[in-house]
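The values are calculated or read from the model by the stated rules, or taken from the named source; none is laboratory data. Quantities reported herein were computed from a predicted structural model and do not represent experimental measurements. Positions of Cβ are backbone-derived with ideal geometry, glycine not excepted, and every protein chain shown enters the neighbour counts. Accessible surface areas use protein heavy atoms only, side chains included; no ligands, DNA or RNA. Shrake-Rupley method; radii C 1.70, N 1.55, O 1.52, S 1.80 Å.
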Amino acid sequence: TVRLWDIRTRQQTQIFNGHTSFVWVVDYSPFVIKNNNEIIGGNVICSGGLDNTIRFWDIRANRNELFIIKGDEKEDNGIFCLKFVSLKKKGKNNEQKTNNDSAVNLCYGLSSNEIHIWG
């Protein structure tokens, strides 16, 4: 499980169930959730585990699982680390554009010593 805690009150606020084996890594996601053409906010965490899955969770919507990335069952052998990387797109003459034109990629490491990039 992945558990969310309020550090001010030292109380657990939510439990996210879904992984079928050990969870090795959790990170806050910069993605924005859109619902009925409305921007709710970037309240998403991402977790990776030995079950070869990366799972995205909405921390405000009662533990709903938003999306799953499944790794290769025969090749990957678990997600051991992950990191969101924001890359700025370049415009004409290699000028960097504004933050609104950034691409977000998810980099994750496997037990096979490989790094994959998704996004």
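With θ taken as phi - 60° and the Karplus curve 6.51 cos²θ - 1.76 cosθ + 1.60 applied, the whole-hertz 3J(HN,Hα) list for segment 48-61 is x, x, 5, 7, 6, 10, 10, 10, 9, 10, 8, 6, 9, 10 Hz, x standing for glycine and proline.
When Arg3, Arg8, Arg60 are compared by accessible surface with a 1.4 Å probe, the order from highest to lowest is Arg8, Arg60, Arg3. With every protein chain in place and a 1.4 angstrom probe, the accessible-area ranking of His19, His116, largest first, reads His116, His19. Computed over protein heavy atoms with a 1.4 angstrom probe, the accessible surface ordering of Tyr28, Tyr108, largest first, is Tyr28, Tyr108. On the basis of the beta-carbon distance and an R0 of 22 Å, Glu114 and Thr20 show a calculated FRET efficiency of 0.55.
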